[in-house]
Amino acid sequence: MSKIGLFVKEARKWLKFKEPVVFVVGNESCDLDSAVCAVGLAYFYMNTTKLPEHLLIDGNRRFLPMMNINRTNLPLKTEVTYFMQQHSIDIDDLVCCNEVSSELLNVSKFILVDHHIATGIVPAIDRVIKIFDHRPVDPKNAHILSDYATKIQEVGSCATLIADEIRNVEGSFAAQDDTINFLRGPIVLDTINFSVSADKARPLDIEINKEVEAKLGKNDNDRLKLFNDLVKARSDVSSLTALQLLSKDMKMLSSVDKSKIVAIPGFPILVEDYLQKENVLESLRQFGDERNCDILVLMGMKELTTGGIRRDIAIVTLRESELTKKVIEKLTIENREYLQLQDKHNDLLAVQLFEQQNVKASRKQISPIIQKALNGH
Ligand SMILES: [Mn+2]
């Protein structure tokens, strides 16, 4: 097991004690940036010989990384589980927010990474002792951010700010190989491998990455492989059940009076292939019941080896209603020219499946069409 993996295993034991800890916690999406920043910063603070005094708790170091997501949803973050395993971190050792007692939360302190607004898990804002974030500041919260302990800068990845903290505290990256190698994952993923056209990387991302790669002896090829592996892991849903896939990436819509609800799960595979999964009909019903949905609109996408993509879309009727008819009318008649939907056969009675020939239309474009049907226009 790696040193980071051992640290995560040991840190989890603090859950059993009542002594206060410093939780290092990312945002509720629990994407790779949030998860890696939480673990990476906690690990660094546990190990540096130059820990700033104000981060001690009762004179001790007790930094506990926390995933801001329930344990049941962690497997949905396939790039997170993949990357943790790559660094010999046991997923079962990671602490998820629903595993922490309110007693421990109430006596502990918090460092926020990859967000700067205290979420439900933080009992009070004055328990936050430090913040690292790379998003624009919400003006409502500007008052908490004048503090010395806040580092907010618009860069591609929050992991860049954590690496910068290491460089500032230590004076260099010397003796930090495993930590900076770990942080490099989200930096490369979030900057889309420093793609110029994507325009996510900022000068600090580029500077930090250069120094990190020089220290680790990595080159452009290593970085491209890391990027491709992470992108692949993010869309590798083969380990997920039909039910898990529905909540991996979904959007909810409702009518103005909230009497009608539609969920729009998006898949990194075709709906056609999704429908072949085990227990698919039961999963659709269970997912819909839990969220009180009238219909589901499933959106599938598959990247082709030739470089192009395919898309398909399905309407699942869970309750008898006019809504199915309205939605299908909007999609197939009113937007016939735009979406170019083509009937596709499938065996499930409650599911109407279409190939979407205009592959440029994503959920961003299709949601407003469904919203109109919900509003009765
Ligand atoms: Mn981020």
Which of the DSSP-defined H helices in the chain satisfy a minimum axial length of 15 Å, computed from C-alpha atoms, and a minimum mean Kyte-Doolittle hydropathy of 0.0?
32-47, 158-170, 177-190
Tell me, how many Å apart are the Cα centres for region 18-88 and for region 189-214?
23 Å
Region 224-290: spread of alpha-carbon positions along the three principal axes, whole Å, largest first, is 49, 28, 18
Indicate the gyration tensor shape class of region 51-188 (rounded, prolate or oblate), computed on the Cα atoms with a ≥ b ≥ c the square roots of the eigenvalues: a/c under 1.5 is rounded; otherwise a/b larger than b/c is prolate and the rest oblate.
rounded
Just to be sure I follow: if Rg is taken over the C-alpha atoms of the chain and Rh is the Kirkwood radius over the same atoms, what is Rg/Rh?
1.01
How big is the charge dipole of the chain about its Cα centre, in debye rounded to the nearest 20, if each Lys and Arg gets +1 on its Cβ and each Asp and Glu gets -1 on its Cβ?
260 debye
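When Lys and Arg each count +1 and Asp and Glu each count -1, what net charge do the other residues less than 12 Å away from VAL155, Cβ to Cβ, add up to?
Working: positive: ARG135, LYS151, LYS200, ARG202; negative: ASP33, ASP114, ASP133, GLU154, ASP164, ASP190, ASP205, GLU207.
That works out to -4.
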Looking at the chain, which longest stretch skips every one of the GluC sites (Glu not before Pro) that is in a DSSP loop with at most 12 other Cβ atoms within 10 Å, leaving the sites themselves out?
1-153
So for the pair VAL169, SER235, with labels modelled 7 Å out along Cα→Cβ, what separation do we get in nm?
3.7 nm
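Let me check I've understood the local charge: for LYS251, count other residues with C-beta under 14 angstrom from its C-beta, Lys and Arg +1, Asp and Glu -1. What total comes out?
Taking every Cβ under 14 Å from that of LYS251, the sum is +3.
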Considering only Cα-Cα distances, which of the following residue pairs are longer than 26 Å: LYS140/LYS260; LYS18/LYS151; LYS151/LYS210?
LYS140/LYS260; LYS18/LYS151
For region 3-235, what does the accessible surface come to per residue with a 1.4 Å probe? Please give it in Å².
43 Å²
Nitroxide proxy distance, nm - points 7 Å out along Cα→Cβ at LYS215 and ARG291:
4.1 nm
Compute the convex hull volume of the Cα atoms of region 242-375, divide it by the residue count, and report the result per residue in Å³ as a whole number.
104 Å³
Where region 267-377 is the region considered: accessible area per residue in Å², 1.4 Å probe
55 Å²
From the cross-link list LYS3/LYS200; LYS248/LYS344; LYS225/LYS248; LYS77/LYS344; LYS13/LYS215, which pairs have alpha carbons spaced over 27 Å apart?
LYS3/LYS200; LYS77/LYS344; LYS13/LYS215
Zone residues, region 229-272, relative to VAL359, backbone N less than 14 Å from point 7 Å out along Cα-to-Cβ:
269-271
Reachable aspartates and glutamates, given that their alpha-carbon falls under 16 Å from the alpha-carbon of LYS258 and they are not under 8 places away in the same chain
ASP289, GLU290, ASP294, GLU322
Expressed as a percent, the accessible surface of the chain that is carbon or sulfur, using a 1.4 Å probe and the full set of protein chains, is 49 percent
The answer for trypsin sites (Lys or Arg not before Pro) in region 280-361 that fall in a DSSP coil and have at most 16 neighbouring Cβ atoms within 10 Å is ARG319, LYS360
Where labels lie 7 Å past Cα in the beta-carbon direction, separation of LEU349 and GLU103 in nm
5.4 nm
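The values are calculated or read from the model by the stated rules, or taken from the named source; none is laboratory data. As the structure is a prediction and not an experimental result, all values here were calculated from the model. Quick reminder, even Gly has a Cβ in these numbers, built from the backbone with ideal geometry, and neighbours come from all protein chains shown. Surface accessibility is based on the protein's heavy atoms, side chains included, excluding ligands, DNA and RNA. Shrake-Rupley method; radii C 1.70, N 1.55, O 1.52, S 1.80 Å.
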